[in-house]
């Protein structure tokens, strides 16, 4: 059985001599500097489901969605024993790829993605919830990729956020609330965010929102995806398969 070890994504902790920021040569990334001498790797098998929940709203057009597609394709290719599902959300949520290990089928389906409308994250999270309820897998890892807090969908007046935080706080409250349902179901949530897409006036809120949603890692992927896959010291790589 092939097992993938991938930094920053899922699974075990590798304790190294360098901080994450130093090891990945991205010392300017404030979202990685918080971790001290830890490198997260993935160790997946057939009992694990990895769900990519991807924002396909209009702000993800261009580099955002292409980087997302490249990331999923590479993950699928380098972890061919892992079951993957892809769910999208914009004005509504869709299951683009049902759980599969077929990397060729994944690649083909990803070519059909288009970006439009607003971002109803709560709808996307609820689609993930239905998949988790099927109980086909003993472990579910959710990787949420986006470039903004939700701007449509269900609304919740009372919650973590208030009108002083952002005008769309009711959408944020609804998504935050349902993320707690997934966490209670033992879903591991990572959030990968294109912070360079976010307006300066809402950067602080956006970061806080996605940090609150996750329970296993928040990363700004504005700088690309290479460092998600590789960790190198002289004559050593931790990407194996």
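Nothing in this text is a laboratory measurement; each read-out follows from the coordinates by a stated rule. None of these values were measured; they are calculated from a predicted model. Using ideal geometry, Cβ is built from the backbone for each residue, glycine included, and neighbour counts are taken over all protein chains shown.
Quick look at the numbers
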read-out: Compactness of the range 46-224, expressed as Rg and Dmax over alpha-carbon positions, Å; value: 15.2, 46
read-out: Cβ-based exposure ranking for 218, 137, in which fewest neighbours within 10 Å come first; value: 137, 218
read-out: Which of 60, 195, 155 has the fewest Cβ neighbours within 10 Å, and the rest in rising order; value: 155, 195, 60
read-out: Neighbour-count ranking [beta-carbon atoms within 10 angstrom, fewest first] of 152, 168, 119; value: 152, 168, 119
